[in-house]
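Working notes for the structure below.
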Amino acid sequence: MSLVTEEIRAKATKVYNGDEICQAKSKELLKEIQLPNGLLPLHDIVECGINNETGFVWLKQKKSITHKFDKIGKLVTYAPEVTAVVEKRKIKKLTGVKTKELVLWVSLCNIYTDEPPTGKVTFKSPTGLYRSFPTAVFEVEEPAAKEETTVAAAAAPAEASSRLCSVEKL
């Protein structure tokens, strides 16, 4: 059963459809609330939405996925529907996300970073158990940033040579 009812969808500030736009919007949201952009490595996202008034967010994907965060060796499973309430530095009332601890799958309900920043992100379960990891583990370099760097590097020699030409003409 979906937690996202037609009533919730109707009250949403924005609703997006399609994997590409939803991928971009989920990373944008994480950046906006000051959490690492790699926390939601979802695939084949069908729909995402947010209610800015309440902070309620949802992401629907075609099927559940299991992702391994290689830097810490943790498996995390994301259900076909992930919901949460977001605010600065926090994801609360999280549903649809579980992590494997030893042989058990443990649901997560909160993800947060400290204020002032300590470089750690904390994951909490409904039972009160929690674990903290370095924030950098969940950061993903965005392809656009690579392209901008490459374009800027390619433009730099051209700018330098045009400045040299201007100096020689004087």
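Over what distance in Å are the Cα centres of segment 1-62 and segment 88-125 separated?
18 Å
In a shell of Cβ-Cβ distance under 10 Å around GLU81, excluding GLU81 itself, what net charge do Lys and Arg (+1) and Asp and Glu (-1) give?
Within the 10 Å Cβ shell, the charges total 0.
Calculate the all-directions average of the projected area of segment 1-40's alpha-carbon convex hull, and give it in nm².
Here the figure is 3.6 nm², rounded to one decimal.
Let me spell out the model: positive unit charges on the Cβ of Lys and Arg, negative unit charges on the Cβ of Asp and Glu, origin at the Cα centre of segment 6-139. What dipole size does that give, in debye rounded to 20?
On the way: 22 positive and 16 negative charges, 76 e Å.
Dipole about the Cα centre, nearest 20: 360 debye.
Given LYS11/LYS63; LYS11/LYS120; LYS25/LYS98; LYS14/LYS71, which pairs have Cα atoms separated by over 29 Å? Intermediate results must be reported in sequence, preceding the final value.
Working: LYS11/LYS63 25 Å; LYS11/LYS120 34 Å; LYS25/LYS98 22 Å; LYS14/LYS71 34 Å.
Pairs exceeding 29 Å: LYS11/LYS120; LYS14/LYS71.
Using the structure shown, list the pairs from LYS27/LYS100; LYS27/LYS88; LYS90/LYS124 with a Cα-Cα distance above 19 Å, or answer none. Intermediate values should be presented prior to the final figure.
Numbers: LYS27/LYS100 24 Å; LYS27/LYS88 14 Å; LYS90/LYS124 11 Å.
Correct reply: LYS27/LYS100.
If amide hydrogens are placed 1.01 Å from N in the peptide plane, which non-local residues have theirs closer than 5 Å to the one on GLN34?
HN-HN under 5 Å from GLN34: ARG89.
Straight-line reach only, C-alpha to C-alpha below 13 angstrom: list the aspartates and glutamates that LYS62 could link to, leaving out same-chain residues fewer than 8 apart.
LYS62 reaches ASP19, ASP44, GLU47, GLU81.
Every read-out reported here was derived from the displayed coordinates using simple, explicitly stated rules and does not represent laboratory data. Computed from a predicted structure; not experimentally measured. Cβ: placed from backbone, ideal geometry, glycine included. Neighbour counts: every protein chain shown.
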